[in-house]
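Some notes on the structure that comes next.
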Amino acid sequence: MFGNLETLPPDPILGVTAAFRADPDPAKVDLGVGVYRDEAGNTPVPVAVREAERRVLAAQASKTYVGPLGNAEFNERIVELALGGLAATLRERTATIQTVGGCGALRMAAELLHAASPASVVHVSDPTWANHEPLLGNSGIALQRYPYYDPATRGVDFARMLGHIERLPAGAVVLLHGSCHNPTGVDPGPEQWEALAGALERRGVVPFVDLAYQGLGDDLETDVAGLRLLAARLPTLLLAISCSKNFGLYRERTGALAVIAENAATARAIATHQARIGRRMYSMPPDHGAAVAARVLAEPELRRSWQEEIAAMVRRMKALRALLAGRLAARRPDLDFSWLTGQRGMFSLLGLAPAGIRALCAEEHVYVPPDGRINVAGVSDANVDRVADAIVRVLERR
Ligand code: LMR
């Protein structure tokens with residue numbers, strides 16, 4: 001039956017975790033998968049999330065089914081976290097389904113787009129998160145890339161990005177990273193978000209925002225300013241939300257897909273399709289993570305404590321960026337590493353050639369995905385010199 005199947009190569013990101021775990025070198029460093037780490041290298045569960053879990057379990061009298069759209073309170077509160085006051089204004093026009101993590105939200109969106117408009121094309125940034133194209137494309141939807149990152153400036157190549165959008169036909173879909181672009185760490189600035197909103201509006205192009213890092217760039221509000229601008233101006237918007245990073249709920253697979261439609265009747269129809277797509281793939285989403293996130297957002301003292309913990313994560317990641325940039329500059333004063341501190345969130349691209357990336361993993365035991373992305377949160381006071389030495393040693397490998 002399965003004898004014709006060949007063994008597949010490892011996943012570009014999860015395969016790095018497996019390779020790291022298998023390496024017996026005691027000095028190995030994991031800068032691969034995008035999870036937050038503390039100084040000891042652990043990925044903590046926020047105190048507020050632990051307390052919310054305790055409360056959820058204490059109050060839970062039954063584990064009967066919740067339903068295909070998932071936890072209604074979570075859906076409402078998580079969209080409110082993303083959209084702020086706009087969420088109430090747009091409520092009638094918004095169809096939200098709880099999903100199996102942010103990946104589930106992305107895939108649900110792709111399935112919905114493909115069902116509604118089989119000829120639509122989703123345009124993704126070049127480069128983008130290594131799983132975007134496999135995850136979305138497997139639904140059958142067509143994908144193309146738009147220019148995004150300029151390796152020479154290590155910034156957004158905004159003129160080319162906008163030029164691409166200005167040429168798109170009405171009904172095309174553009175996938176944007178809400179904040180902390182994965183893998184580059186560079187986001188559009190406020191004026192660029194304005195220009196994007198104008199171009200999408202003029203062309204009738206639909207924004208599809210992947211919001212996996214709300215709060216981890218600057219803070220929970222600043223990180224969604226661009227998203228809110230789009231939601232206020234565009235008639236249709238898809239929003240894929242992940243609670244993995246900001247709530248530390250990675251393995252609980254907690255997320256949501258909110259679709260803002262042109263009118264309330266369309267939103268109601270979308271909700272029925274969301275439910276059917278979920279039912280045909282996995283039936284219903286798991287409840288625990290969503291119930292916990294809803295408690296954190298609902299209880300003022302938990303929410304405050306959670307926000308403080310996110311702020312501490314952001315301070316730490318910004319400090320690690322400065323630390324690594326400083327150690328690299330001390331070793332190579334002829335090179336500019338200031339881009340590291342200008343970028344946001346967990347990721348930056350080292351800009352190494354493929355041979356340098358391979359050597360970093362195989363010879364230096366510093367593990368990164370094949371695109372040379374680093375997870376800044378994997379750096380620590382204890383390993384920063386080892387990391388800087390390793391990067392400098394492979395810099396010139398071609
Ligand atoms: C990452 O980019 O490393 C994370 O989003 C984890 C994943 O699923 O790839």
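The values are calculated or read from the model by the stated rules, or taken from the named source; none is laboratory data. None of the values given here were measured: they were computed from a predicted structure. Cβ coordinates were reconstructed from backbone atoms using ideal geometry, including for glycine residues, and neighbour counts include every protein chain displayed. For accessibility, only protein heavy atoms count, side chains too; no ligands or nucleic acids. Shrake-Rupley method; radii C 1.70, N 1.55, O 1.52, S 1.80 Å.
The set of residues in the range 202-222 being closer than 19 Å to Met313 by Cβ and within 16 Å of the ligand (Cβ to nearest atom) consists of Leu211, Ala212, Tyr213, Gln214, Gly215, Leu216, Gly217. May I ask you to list the residues in the range 330-357 that are open to solvent by less than 20 Å² (accessible area, probe 1.4 Å), assigned to a loop (DSSP other than H, G, I, E, B) and in contact with a Ser or Thr (Cβ under 9 Å, 6 or more places away or on another chain)? Of everything in the range 330-357, those that are open to solvent by less than 20 Å² (accessible area, probe 1.4 Å), assigned to a loop (DSSP other than H, G, I, E, B) and in contact with a Ser or Thr (Cβ under 9 Å, 6 or more places away or on another chain) turn out to be Gln343, Gly345. Listed by first and then second residue, the pairs with beta-carbon distance under 6 Å, at least 6 apart or on different chains, first residue in the range 109-131 and farther than 16 Å from Val206 by Cβ, second of a type in the set (Val, Ile, Thr), are Ala130/Ile13.
If you check Gly204, Gly217 for being touching a Lys or Arg at 6+ places or on another chain (Cβ under 9 Å) and either open to solvent by less than 40 Å² (accessible area, probe 1.4 Å) or aromatic (Phe, Trp, Tyr) (or both), only one passes: Gly217.
Just checking, does the range 237-256 include any residue being open to solvent by 20 Å² or more (accessible area, probe 1.4 Å) and more than 25 Å from Met313 (Cα to Cα)? No, that holds for no residue. When the range 20-60 is filtered for residues that are crowded, with 17+ Cβ neighbours inside 10 Å, over 21 Å from Cys180 (Cα atoms) and within 16 Å of the ligand (Cβ to nearest atom), the ones remaining, listed by number, are Phe20, Val29.
Can you say whether Gly3 is surrounded by fewer than 13 Cβ atoms within 10 Å (Cβ to Cβ), at pLDDT 95 or above and within 24 Å of the chain's Cα centre (by Cα), as far as the supplied structure shows?
Here the answer is no, as Gly3 does not meet what is asked.
Working only within the range 286-305, note down all residues that are among the β-branched types (Val, Ile, Thr) and surrounded by fewer than 21 Cβ atoms within 10 Å (Cβ to Cβ). Scanning the range 286-305 gives no hits.
Can you tell me which residues in the range 183-201 are open to solvent by less than 10 Å² (accessible area, probe 1.4 Å) and within 16 Å of the ligand (Cβ to nearest atom)? Scanning the range 183-201 gives Pro183, Thr184, Gly185. Selection of first residues in the range 368-386 that are of a type in the set (Val, Ile, Thr) and of second residues that are away from the ligand (no atom under 15 Å from the Cβ) and open to solvent by 60 Å² or more (accessible area, probe 1.4 Å), restricted to Cβ pairs under 8 Å at least 6 apart or on distinct chains, gives the following pairs, ordered by first then second residue: Val384/Arg327.
Do we have any residue at all in the range 219-232 that's farther than 18 Å from Pro188 by Cβ and of a type in the set (A, V, I, L, M, F, W, C)?
Quick first cut of the range 219-232, residues farther than 18 Å from Pro188 by Cβ only: 220.
Narrowing the set further to residues that are of a type in the set (A, V, I, L, M, F, W, C) leaves 220.
There is at least one residue in the range 219-232 that is farther than 18 Å from Pro188 by Cβ and of a type in the set (A, V, I, L, M, F, W, C).
Could you pull out every one of the strands (runs of 3 or more DSSP E) wholly within the range 186-268 that has 2 or more residues that are in contact with a Pro (Cβ under 9 Å, 6 or more places away or on another chain) and under 17 Å from His123 (Cα atoms)?
On the way: elements: 206-211, 237-242, 254-260.
Hits in the range 186-268: 237-242.
Looking across the range 360-379, just one residue is open to solvent by less than 10 Å² (accessible area, probe 1.4 Å), away from the ligand (no atom under 12 Å from the Cβ) and small (Gly, Ala, Ser), and that is Gly372.
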